[in-house]
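Engineer: Below is a structure I'd like to ask you about.
The values are calculated or read from the model by the stated rules, or taken from the named source; none is laboratory data. It should be emphasised that the depicted structure is a prediction, and the values quoted were computed from it without experimental measurement. Every residue, glycine as well, gets a Cβ built from its backbone with ideal geometry; the counts of neighbours run over all protein chains shown.
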Amino acid sequence: VGLEQSTKRALEASRNPSLPNLLFCDPADNPGGGGRGNTTYVLKAFAEAGVENALFGVFNDAALVDAAYQAGLDGQFRAAFNSAETNEFSLPFEANVVVEKLSDGEFVGEYGMVAGNTVRLGRSCVLALGGIKIVVISIRQQCLSNDYFTHFGLDSAASRCTVVKSRGHFRAGFQHLFPPERIVEIDVPGLTSPNLINFPWKQLPRPVYPMDPETQWDAPPV
């Protein structure tokens, strides 16, 4: 689902408690497949639209965690997402935030792939950006279960929208909360995007399928 439509659905869910809560995934920025875990397309769109009662995780940005520790618990500061990042998909984004939680990022999981296993996120924090609570970590990894939120006192079951940076492994860790019909895959750019149109191809002869749907190909004579 495109970003505009996904944002619309998130906004509707956040404003209408009679609708089921939703789990959004960002497969284009999946650290399990090599993604940086820090693209801001979804976060920026949801924040600017005014999505409320939402969780976002996990965002990989050690420099931002350092800034949160400097601000201290309940501290307010201007967060600079991706201030030390150079990847073309990891665009900078700034917003005023409040530090709601600081943690060493270590816990034992209960669900999915991390059940019974120790998870180490590195120094971590929870930042409140309007109605969105963002789990920011120092050791890059994908969000594999609801444990990545409950460790910080957050819970996807109580939120209207949850966004995870993962492609598929997260499903086992959230299946007790979200059936498949309430999971939305967002189509945005990123290193692990399954949509080939999202990449800036160079030296590629065009037209070529599937980027150019009307591509004609004639088989060479036998």
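Engineer: From the list VAL119, VAL136, VAL126, VAL99, which one is part of a strand (DSSP E or B), within 22 Å of CYS25 (Cβ to Cβ) and in contact with a helix residue (DSSP H, G or I) (Cβ under 6 Å, 6 or more places away or on another chain)?
Structural biologist: It is VAL136.
Engineer: Also, quick follow-up: Condition (residue is in a helix (DSSP H, G or I) and either over 20 Å from LEU19 (Cα atoms) or without any contact (Cβ under 8 Å) to a residue 24 or more places away in the chain (or both)) applied to segment 199-222: is it met by at least one residue?
Structural biologist: There is no residue in segment 199-222 that is in a helix (DSSP H, G or I) and either over 20 Å from LEU19 (Cα atoms) or without any contact (Cβ under 8 Å) to a residue 24 or more places away in the chain (or both).
Engineer: Another question, if that's okay. Would you please list the contacts, defined by Cβ atoms under 9 Å and residues six or more apart or on different chains, that run from a residue in segment 91-113 that is farther than 25 Å from SER145 by Cβ to a residue that is surrounded by fewer than 18 Cβ atoms within 10 Å (Cβ to Cβ) and of a type in the set (Asp, Glu)?
Structural biologist: Hits for this filter: VAL98/ASP74.
Engineer: Can you work out which of the residues in segment 73-90 that are within 16 Å of LEU43 (Cβ to Cβ) and free of Cβ contacts under 8 Å to residues at least 60 places away in the same chain is surrounded by the most Cβ atoms within 10 Å (Cβ to Cβ)?
Structural biologist: Once the filter is applied, the top-ranked residue is PHE81.
Listed here are the residues, each with its yes/no results for (1) closer than 21 Å to SER14 by Cβ; (2) surrounded by fewer than 15 Cβ atoms within 10 Å (Cβ to Cβ).
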position: ALA68; (1), (2): no, no
position: ALA71; (1), (2): no, no
position: ASP104; (1), (2): no, yes
position: THR118; (1), (2): no, yes
position: GLY130; (1), (2): yes, no
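Engineer: In the list VAL97, VAL126, which residue meets the criterion of being aliphatic (A, V, I, L, M), over 15 Å from the mean Cα position of the chain (by Cα) and under 21 Å from TYR41 (Cα atoms)?
Structural biologist: Answer to the check: VAL97.
Quick grid of which residues meet (1) small (Gly, Ala, Ser); (2) more than 19 Å from PHE174 (Cβ to Cβ); (3) modelled with pLDDT under 95:
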residue	(1), (2), (3)
SER6	yes, no, no
ALA13	yes, no, no
GLY34	yes, yes, no
GLY72	yes, yes, no
ASP104	no, yes, no
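Engineer: If you don't mind, there's one more thing I want to ask. Which ones in segment 9-42 are among the aromatic types (Phe, Trp, Tyr) and either touching a strand residue (DSSP E or B) at 6+ places or on another chain (Cβ under 6 Å) or buried (at least 23 other Cβ atoms within 10 Å of the Cβ) (or both)?
Structural biologist: PHE24
Engineer: Same structure, new question: Residue check: is ALA54 buried (at least 17 other Cβ atoms within 10 Å of the Cβ) and more than 17 Å from LYS165 (Cα to Cα)?
Structural biologist: So ALA54 does not fit the description; no.
Engineer: Of everything in segment 37-51, what is of a type outside the set (Val, Ile, Thr) and out of contact with any Lys or Arg (no Cβ under 7 Å at 6 or more places or on another chain)? Give them in sequence order.
Structural biologist: ASN38, TYR41, LEU43, LYS44, ALA45, PHE46, ALA47, GLU48, ALA49, GLY50
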